[in-house]
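**Q** This is the structure, below, for whatever I ask next.
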Amino acid sequence: MVMNTSYFRSSSYNCFNLCQHQYFLNYVLGIPNIVGIKAHKGTIAHKVLEILAKAKLASQNDQSTITDDIFSNNNIPIDQFKTDSFIEYAYNHAFSYYNEKDQLCLSDADFREVKRWIDKVINEGTFDPRNFTIISPERYFSLEIKKDWARLPNNKYLTIKGTIDLIVEHDNSYEIIDWKTGKCMSYVSMKPKTYVDLVDDFQLRLYHYAMRKLYPHQKNVLVTIHYINDGGPRTITHDDSNMDIVEARLYNQFVNIRDCVRPIRRDNAQGIFCNRICSYGKHFIDNKTQCQYIYDKLRIEGMMSTIANHTFAGFNINDYEEPG
């Protein structure tokens with residue numbers, strides 16, 4: 001292979017379609033893609049919703065406590081998990097934990113904004129995690145694609161990986177809930193996503209595929225993507241024909257990446273996405289953007305030398321980093 005890939009997560013699959021050069025920088029060289037404050041605030045919101053789901057699951061299992069990294073003390077009592085004070089407790093700890101861990105310097109205004117996001121979900125009620133029968137919060141998966149085309153040079157198989165925000169059960173169905181705090185838009189077209197776009201969204205297709213592998217007894221799988229700040233939940237359904245569709249797309253993307261000798265830059269690094277959204281267009285090496293610096297190295301040194309000489313220290317191409 002020229003550009004090695006041992007696994008796909010939905011973000012890596014989509015990244016190659018978005019910008020091949022960004023994929024190379026992020027997933028081959030491992031140069032950190034520095035996210036903005038909004039993304040960090042989204043992480044905090046996700047964590048609070050995860051804590052509520054954990055508390056409900058513990059209650060279902062007649063357990064009296066939960067544990068999580070955001071709490072300085074283990075075994076947090078959940079006897080009051082249906083109260084506003086418990087939400088406040090979870091929110092305060094999540095905000096403080098990520099603010100300190102990632103050295104974010106978030107403001108009081110940021111604090112209030114994320115709290116408004118959580119309140120939107122809680123006050124609406126239907127998608128409050130505490131109102132569901134919880135199957136699993138933050139369900140990680142790592143599944144091999146055991147097909148001849150997916151066999152790697154080390155005789156292992158291409159793997160799909162990811163973490164599903166929440167899985168719940170109702171009406172004899174399992175439902176995936178994926179929280180989004182950003183806009184319902186495509187960064188490929190830079191236009192709002194339609195319902196047809198969501199039906200064809202690869203992340204949602206991949207999650208359905210994973211669910212059918214993880215829970216083969218459950219054929220009824222709904223997929224809900226909840227845009228907290230942009231219109232709320234949209235629910236779609238897939239049948240088992242999606243399994244073949246996902247595998248075909250994985251194959252095509254696997255071949256596209258394997259055979260890519262010179263990654264193409266989106267809009268030749270001149271568009272709004274490149275200059276205002278992509279972090280590789282906003283951070284610099286030797287007075288060049290990271291994007292331009294590595295692009296020039298590829299042109300001068302070639303693919304293999306660029307990988308050998310410019311892979312980020314400590315990066316392992318097989319590593320998986322949540323979320324996915």
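The values are calculated or read from the model by the stated rules, or taken from the named source; none is laboratory data. It should be emphasised that the depicted structure is a prediction, and the values quoted were computed from it without experimental measurement. Here the Cβ is made from the backbone with ideal geometry for all residues, glycine too, and neighbour counts use every protein chain on show.
**Q** Any idea which of (1) closer than 24 Å to Asp68 by Cβ; (2) touching a Leu at 6+ places or on another chain (Cβ under 6 Å); (3) crowded, with 20+ Cβ neighbours inside 10 Å; (4) not aromatic (Phe, Trp, Tyr) is the one Arg130 doesn't satisfy?
**A** (3) is the only condition that Arg130 fails.
**Q** Also, I was wondering about something else. Within the range 292-309, does at least one residue satisfy the condition of being closer than 17 Å to Ile34 by Cβ and not β-branched (Val, Ile, Thr)?
**A** Within the range 292-309, one or more residues are closer than 17 Å to Ile34 by Cβ and not β-branched (Val, Ile, Thr).
**Q** Please state which of the following conditions Leu152 fails to meet, knowing it meets all the rest: (1) assigned by TED's automatic domain parsing to the domain that holds Glu169; (2) under 18 Å from Asp178 (Cβ atoms).
**A** Evaluating Leu152 over (1) assigned by TED's automatic domain parsing to the domain that holds Glu169; (2) under 18 Å from Asp178 (Cβ atoms) leaves (2) as the failure.
**Q** Please determine, by comparing only the residues of the range 1-24 that are aliphatic (A, V, I, L, M) and not in a helix (DSSP H, G or I), which one is surrounded by the most Cβ atoms within 10 Å (Cβ to Cβ).
**A** Across the range 1-24, the extreme among qualifying residues is Met3.
**Q** Residues being within 21 Å of Val121 (Cβ to Cβ) and touching a residue at least 60 places away in the same chain (Cβ under 8 Å): count how many of those fall in the range 185-196.
**A** Final tally of qualifying residues: 0.
**Q** Somewhere in the range 281-290, is a residue among the small types (Gly, Ala, Ser), in the same structural domain as Tyr187 (by TED's automatic domain parsing) and surrounded by fewer than 18 Cβ atoms within 10 Å (Cβ to Cβ)?
**A** There is no residue in the range 281-290 that is among the small types (Gly, Ala, Ser), in the same structural domain as Tyr187 (by TED's automatic domain parsing) and surrounded by fewer than 18 Cβ atoms within 10 Å (Cβ to Cβ).
**Q** Out of the range 108-149, which residues are touching a residue at least 60 places away in the same chain (Cβ under 8 Å), of a type in the set (Phe, Trp, Tyr) and within 25 Å of Lys183 (Cβ to Cβ)?
**A** Trp117, Phe127
**Q** Can you tell me how many residues within the range 266-280 are in a loop (DSSP other than H, G, I, E, B) and either surrounded by 19 or more Cβ atoms within 10 Å (Cβ to Cβ) or among the aliphatic types (A, V, I, L, M) (or both)?
**A** Of the residues in the range 266-280, 1 are in a loop (DSSP other than H, G, I, E, B) and either surrounded by 19 or more Cβ atoms within 10 Å (Cβ to Cβ) or among the aliphatic types (A, V, I, L, M) (or both).
**Q** On to the next question. Can you confirm whether Tyr27 is in the same structural domain as His310 (by TED's automatic domain parsing) and either assigned to a loop (DSSP other than H, G, I, E, B) or surrounded by 13 or more Cβ atoms within 10 Å (Cβ to Cβ) (or both)?
**A** Here the answer is yes, as Tyr27 does meet what is asked.
**Q** Consider only pairs whose beta carbons are under 6 Å apart and that are at least six residues apart or on different chains; among these, list those whose first residue lies in the range 168-184 and is in contact (Cβ under 8 Å) with a residue 40 or more places away in the chain and assigned by TED's automatic domain parsing to the domain that holds Val48 and whose second residue is of a type in the set (Asp, Glu) and not in a loop (DSSP other than H, G, I, E, B).
**A** Between residues of the range 168-184 that are in contact (Cβ under 8 Å) with a residue 40 or more places away in the chain and assigned by TED's automatic domain parsing to the domain that holds Val48 and residues that are of a type in the set (Asp, Glu) and not in a loop (DSSP other than H, G, I, E, B), there is no close pair.
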